[in-house]
1. Filter the range 343-359 down to residues that are under 19 Å from Ile271 (Cα atoms) and either surrounded by fewer than 15 Cβ atoms within 10 Å (Cβ to Cβ) or within 6 Å of the ligand (Cβ to nearest atom) (or both), then give me how many there are.
2. Check whether at least one residue in the range 94-105 is more than 23 Å from the chain's Cα centre (by Cα) and hydroxyl-bearing (Ser, Thr, Tyr), and report yes or no.
3. What is the number of the single condition among (1) within 11 Å of the ligand (Cβ to nearest atom); (2) under 16 Å from Phe253 (Cα atoms); (3) outside any helix (DSSP H, G or I) that Ile162 does not meet?
4. Search the range 397-423 for residues being away from the ligand (no atom under 16 Å from the Cβ) and outside any loop (DSSP other than H, G, I, E, B), and hand back the single one that is surrounded by the most Cβ atoms within 10 Å (Cβ to Cβ).
5. Looking at (1) more than 18 Å from the chain's Cα centre (by Cα); (2) in a helix (DSSP H, G or I), which is the only condition Met344 fails?
6. Which count do you get for residues in the range 139-150 that are surrounded by 22 or more Cβ atoms within 10 Å (Cβ to Cβ) and modelled with pLDDT under 95?
7. Do you know which of the residues in the range 295-313 that are small (Gly, Ala, Ser) and in a loop (DSSP other than H, G, I, E, B) is farthest from the ligand (Cβ to nearest atom)?
8. Would you point out which residue out of Gly401, Gly362, Gly415 is at pLDDT below 95 and out of contact with any Cys (no Cβ under 8 Å at 6 or more places or on another chain)?
Amino acid sequence: MTDVTAIDHFTDQATALDPYAYYDALVRAAPVYIEPRYGCAIVSGFEEALAVWRDPDTFSSANIVAGPRSPFPADVEVSGDDITALVEEHRSAWPQSDQIVAWDPPLHTAHRALLMGLITPKRLQQNEEFIWRQTDRQLDVVLAEGTCEYIDEYAQPYTLLIIADLLGVPESDHQRLLSLVGMGGGGVVGSTELHDKSAHHSLAPLYDYFVAAIEDRRREPRSDVLTGMAQSTFPDGTVPEPIEVARIASNLFAAGQETTVRLLGTALQIIAEDPELQKALRADRALIPRFLEEVLRTQGPIKGAFRLVRRTTTLGGVELKAGTRVFLANGAANRDPRQFEDPMEFHLERPNVRRHVAFGHGVHTCPGAPLARSEVRISIERLFDRTTDIAISEAHHGPAGARHYDYMPTFMFRGLMTLHLEFTQ
Ligand code: HEM
């Protein structure tokens, strides 16, 4: 079995590319593990992870992408059993401090309400019509050649335009939006947003787009979704600044684009790698949602994120002093044998197939989960309608049994960098 003490989870490349043996050893040995090199706690146990998500008062999200080292400058002494004031003092210095995912209640609560106003069930239903149309448009592009690089040629522009439609960006502006984020020429938005400070500003053009749209609709209301967004208020009735709404809107791209791209890639890889499974899914489309949940459990796009202990506490029998960084490992919790029988195996018929935490839990639980599920389900449905077989390109990935795939080289994300597919129509 993998020796967890021998591996530096945060720098070891082999573990970043394939973390599952490490996770398995970790969750069996120590569901709450103090990584000796960093003094950071890695939480891999399912119930222990739920306890963290359920207690944002104790576990702040301020350092969500700040890494395993102390988020405080070297000269700041972390002492005492309650560092709430210190966290607030340093909050703005941490990466993604302007994004809702890094906020704690009560600030988070008000903005989350604003956010949920943008992703209402009605809006999602309207958006689903666009998803079907966009699926066919994007498939027209990739099916024409009979072969494609699925990540760049399908998944990236597809997911971006679906979020744009959700937010009411008119279709006449879609190409503009693609080029604003550098995607016209195959660029990627948000690919490193969750872990790379340098990519932090790639959303700036989107902020500008939405600020302008909101100011425009406040001056001249129309009967469109952007007008609804412009007129939205906080729960206490106060009117947000245009930048506050624009930020929420732009953040949806950061949070929802790259993640869904990777889920699409992994789902298609599994389908193309396993002809028997593909046949079963083609024969019974009702299995697709279960299939998706099991993809999320076994290879969810987010492997984990950080928290910061604000008040000294105990988790899974381990004392965590105020100031301890916690890596909340969704990818490991989803393979906790106390929760999932035979956790390393892919089982469509698993009774608790939806119990995974690929979308997190608690106050920050992913508001885009229904959208991500629809995008992937509809992509698979239409691909099945329009092809008789989907296969891995041996020219790019090698023959069955000796494949080569490039995975994202980071401990935070799981997903393919490229996926070359071949289609039989
Ligand atoms: C397969 C795709 C996706 C996965 C695996 C995923 C996963 C997650 C996870 C794990 C969180 C919680 C982070 C934490 O608590 O530390 C989260 C939050 C969030 N997600 Fe997703 N997500 C996906 C797709 C989407 C989509 C499509 C959207 C929007 C259109 C979206 C928008 C958000 C937002 C705005 C947050 C922050 C919510 C908050 O802080 O209250 N996500 N997501």
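1. Selection size over the range 343-359: 4.
2. Residues of the range 94-105 that are more than 23 Å from the chain's Cα centre (by Cα), as a first pass: none.
Scanning the range 94-105, I find no residue that is more than 23 Å from the chain's Cα centre (by Cα) and hydroxyl-bearing (Ser, Thr, Tyr), so the answer is no.
3. The number of the failed condition is (3).
4. Within the range 397-423, the subset away from the ligand (no atom under 16 Å from the Cβ) is 397-406, 409, 417-418, 420-423.
If we keep only those that are outside any loop (DSSP other than H, G, I, E, B) as well, we get 397, 420-423.
Working: His397: 21, His420: 20, Leu421: 25, Glu422: 18, Phe423: 20.
Ranking the candidates gives Leu421 first.
5. Failed condition: (2).
6. Initially, the range 139-150 is screened for residues surrounded by 22 or more Cβ atoms within 10 Å (Cβ to Cβ), giving 150.
Keeping just the survivors that are modelled with pLDDT under 95 gives none.
The qualifying residues number 0.
7. Restricting attention to the range 295-313, the residues satisfying the condition of being small (Gly, Ala, Ser) are 300, 304-305.
Now restrict to residues that are in a loop (DSSP other than H, G, I, E, B): 300, 304.
Values: Gly300: 5, Gly304: 8 Å.
Checking each candidate, the answer is Gly304.
8. Result of the check over Gly401, Gly362, Gly415: Gly401.
The values are calculated or read from the model by the stated rules, or taken from the named source; none is laboratory data. Not measured: the values here are computed from a predicted model. For neighbour counting, all protein chains shown are included, and Cβ atoms are generated from backbone atoms with ideal geometry for every residue, glycine included.
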